[in-house]
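Asks: The structure under discussion is supplied below as structure tokens; questions concerning it will follow.
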């Protein structure tokens, strides 16, 4: 007698294939693995390495944005999530084959091509797609051999979005600053020899319609030894219109007007110049006898319509020529039809309804088809917008599979037979690559300074990378605002302590930030003696700290601080750390008014700890005079202890100190 084994819906595991391992793919997998416990997720990626635009599209001087990689790593390490790299949809395997072997296929491979202008001589030498240039300095395998001649003096960028400003910032940032980022060595070497000192940013509409955001513009106009020059005629009537603008647009326009006013009065010499131009569209490229670009013929535009922020651009009969020897095309990305069975609408997006791909007469035995990210919405928005869309689509998938009881499909066990002659990079193989990169980085010496050995670490934040996406976005917002103030950050990741995956955020305050905020907080007045009207100097740092009542110790500390005041730039370590801490107390990190300040982040354990470092070993250095305290003791009494009592993590603090002085 043969015994029959009856299956139940609870034992049927739906298998979902996610095509694309960028933010949309990983955020969707995160939501699915959290809300559908009985599920198997396979993430397919065209490249051998994961993370998509987070790895290859974020500028190297924005490490706070790349921090989301830690969340994605946690998702990939879940037992029901698998990563398979080096697999190209439409080439190595078809969409039809995936749908035959998976219960659902989610397309998240984004927009990987750039839009073209379709004008004369667009194929001339030294006309470079911004997408390729970004991939070049970020280490994308596709762009490692990009040919770009940086020996010219004048360049132009066509487009005025955030990617255009990323390109501008990388071109105009001093190479010593870039050297401290994770930019590729081949790009750093080329940029070190760059002769570009005049860069135009050309847009077809006006200042009220620009696509870039305030964060990117602020970074650009604050570049050292680089002057921003606006054209007065482009701002006619703009100041009068400011009051009618929406708040984000108003703040951005006010920043442009402020920069315009500052450029009028600035007479200092600069090494490089950034020159935005509005109301211009390219009509053709000019070339020399070697087919190298030598200029751009521009059409002069005018705007019509009543909506200030969305006026229509209309060409006039006027033309002008801009001489330049290097052009970057940054007019947007577009998605490609990776497989013949993918249906696009007239806008170049996959036809969908809230992530569910709309198709007619699809066979019933095929897995359901979904789309998320730029492939379904168009290439607009930042990572936060992609996360929201990915969660929305993942929620729809959860609803569709809530009562799943179909016959289970084979998933990757069937697919690997199709790919049996193809080299696949699984997660273990990627971890070997990742481990090698980390080990190479750890060969650098860790001291009380950044990796460059010159920037003092004025404050350290400790983060527990627990994989909570909402908490992570609050931290990303906070760190983005830290950078906006002019503070510089450097990350140390992958340190384990008591089952926690710690991230150390090192913060350095450049001289101009110290001077500006030192005077603002009345800690030190520029060109004046340090004011000594404080009675209890320990209150500079974490007021709630109880330290003994020895008035002699306090008096000696006052003398110590005064003694350090030898000049406007000679701030003591205690003063520097205090200034940075007070800056962090003011910074917002969320959409609500009360989402402000480091202390709130510490209170809710969004950040575990915050403390300064001092020079040398972390232990006490005994004072030769027992009646007096030395600088090491002053810092320890007033700063190191303070941080650990402010809802922080003493174990993490001690671990960090050992880590930096090992």
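Asks: Could you grab me the full set of residues in region 377-390 that are more than 21 Å from residue 64 (Cβ to Cβ) and either in a helix (DSSP H, G or I) or not assigned by TED's automatic domain parsing to the domain that holds residue 31 (or both)? It would help to see each step written out before you state the result.
Replies: Kept after step one, since they are more than 21 Å from residue 64 (Cβ to Cβ), are these residues of region 377-390: 377-380, 389.
Across region 377-390, the qualifying residues are 377, 389.
Asks: Regarding residue 474, is this residue part of a helix (DSSP H, G or I), modelled with pLDDT of 90 or more and within 27 Å of residue 76 (Cβ to Cβ)? Outline the logic, then answer.
Replies: Working: part of a helix (DSSP H, G or I): yes; modelled with pLDDT of 90 or more: no; within 27 Å of residue 76 (Cβ to Cβ): yes.
In short, no.
Asks: Next up: Return the total of residues in region 66-99 being under 22 Å from the mean Cα position of the chain (by Cα) and farther than 22 Å from residue 13 by Cβ.
Replies: We begin by selecting, within region 66-99, every residue under 22 Å from the mean Cα position of the chain (by Cα); these are 66-76.
Filter once more, so that each one left must be farther than 22 Å from residue 13 by Cβ: 66-73.
Qualifying residue count, region 66-99: 8.
Asks: Name the residues in region 512-539 that are at pLDDT below 85 and not in a loop (DSSP other than H, G, I, E, B), would you? Talk me through it step by step, then tell me what you get.
Replies: Let us first name the residues in region 512-539 that are at pLDDT below 85, namely 512, 515-516, 518-539.
Scanning region 512-539 gives 512, 515, 516, 518, 519, 520, 537, 538, 539.
Asks: Is at least one residue of region 133-143 at pLDDT 95 or above and more than 30 Å from residue 17 (Cα to Cα)?
Replies: yes
Asks: Moving on. Can residue 63 be described as under 25 Å from residue 180 (Cα atoms), within 23 Å of the chain's Cα centre (by Cα) and surrounded by 22 or more Cβ atoms within 10 Å (Cβ to Cβ)?
Replies: On the way: under 25 Å from residue 180 (Cα atoms): yes; within 23 Å of the chain's Cα centre (by Cα): yes; surrounded by 22 or more Cβ atoms within 10 Å (Cβ to Cβ): no.
Answer is no for this residue.
Asks: Here is a further query. Would you mention how many residues in region 11-41 are within 21 Å of residue 402 (Cβ to Cβ), in contact with a strand residue (DSSP E or B) (Cβ under 6 Å, 6 or more places away or on another chain) and outside any helix (DSSP H, G or I)?
Replies: Going through region 11-41 one residue at a time, the tally reaches 7.
Asks: Just for region 443-456: of the residues that are modelled with pLDDT of 75 or more and either over 21 Å from the mean Cα position of the chain (by Cα) or not assigned by TED's automatic domain parsing to the domain that holds residue 573 (or both), which one is farthest from residue 61 (Cα to Cα)? Talk me through it step by step, then tell me what you get.
Replies: Keep residues of region 443-456 that are modelled with pLDDT of 75 or more, which gives 450, 455-456.
In the following step, the residues that additionally are either over 21 Å from the mean Cα position of the chain (by Cα) or not assigned by TED's automatic domain parsing to the domain that holds residue 573 (or both) were identified as 455-456.
On the way: 455: 15, 456: 18 Å.
Once the filter is applied, the top-ranked residue is 456.
Residue-by-condition table, conditions (1) at negative phi; (2) buried (at least 18 other Cβ atoms within 10 Å of the Cβ); (3) at pLDDT 85 or above:
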residue	(1), (2), (3)
403	yes, no, no
407	yes, no, no
420	yes, no, yes
441	yes, no, no
467	no, yes, no
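Asks: Now a separate question. Take residue 339 and tell me if it is over 22 Å from residue 116 (Cβ atoms) and out of contact with any helix residue (DSSP H, G or I) (no Cβ under 8 Å at 6 or more places or on another chain). Step through it out loud before you land on a result.
Replies: Values: over 22 Å from residue 116 (Cβ atoms): yes; out of contact with any helix residue (DSSP H, G or I) (no Cβ under 8 Å at 6 or more places or on another chain): no.
So residue 339 does not fit the description; no.
Asks: So, in region 224-236, how many residues would count as being modelled with pLDDT of 90 or more and in a loop (DSSP other than H, G, I, E, B)? Spell out how you get there, then give the answer.
Replies: At the first step, the residues of region 224-236 found to be modelled with pLDDT of 90 or more are 226-236.
Now narrow it down to the ones that are in a loop (DSSP other than H, G, I, E, B): 229-231, 236.
Here the count works out to 4.
Asks: Continuing with the same structure: Among the residues of region 237-247, write down those that are surrounded by 11 or more Cβ atoms within 10 Å (Cβ to Cβ) and free of Cβ contacts under 8 Å to residues at least 40 places away in the same chain.
Replies: Matches in region 237-247: 238, 239, 242.
Asks: Going residue by residue through region 62-72, is there one that turns out to be in contact (Cβ under 8 Å) with a residue 40 or more places away in the chain, under 20 Å from residue 433 (Cα atoms) and not in a helix (DSSP H, G or I)?
Replies: So far as region 62-72 goes, yes, one or more of its residues are in contact (Cβ under 8 Å) with a residue 40 or more places away in the chain, under 20 Å from residue 433 (Cα atoms) and not in a helix (DSSP H, G or I).
Asks: Taking strands (runs of 3 or more DSSP E) that fall entirely within region 250-341, which contain at least 1 residues that are under 30 Å from the mean Cα position of the chain (by Cα) and modelled with pLDDT of 90 or more? Before the answer, list the steps.
Replies: Numbers: elements: 272-277, 280-287, 293-304, 312-323, 326-329.
Qualifying strands (runs of 3 or more DSSP E): 272-277, 280-287, 326-329.
The values are calculated or read from the model by the stated rules, or taken from the named source; none is laboratory data. Bear in mind the structure is a predicted one, so any value in this text is a computation, not a measurement. Note that we place each Cβ from the backbone using ideal geometry, even for glycine, and neighbour counts take in every protein chain shown.
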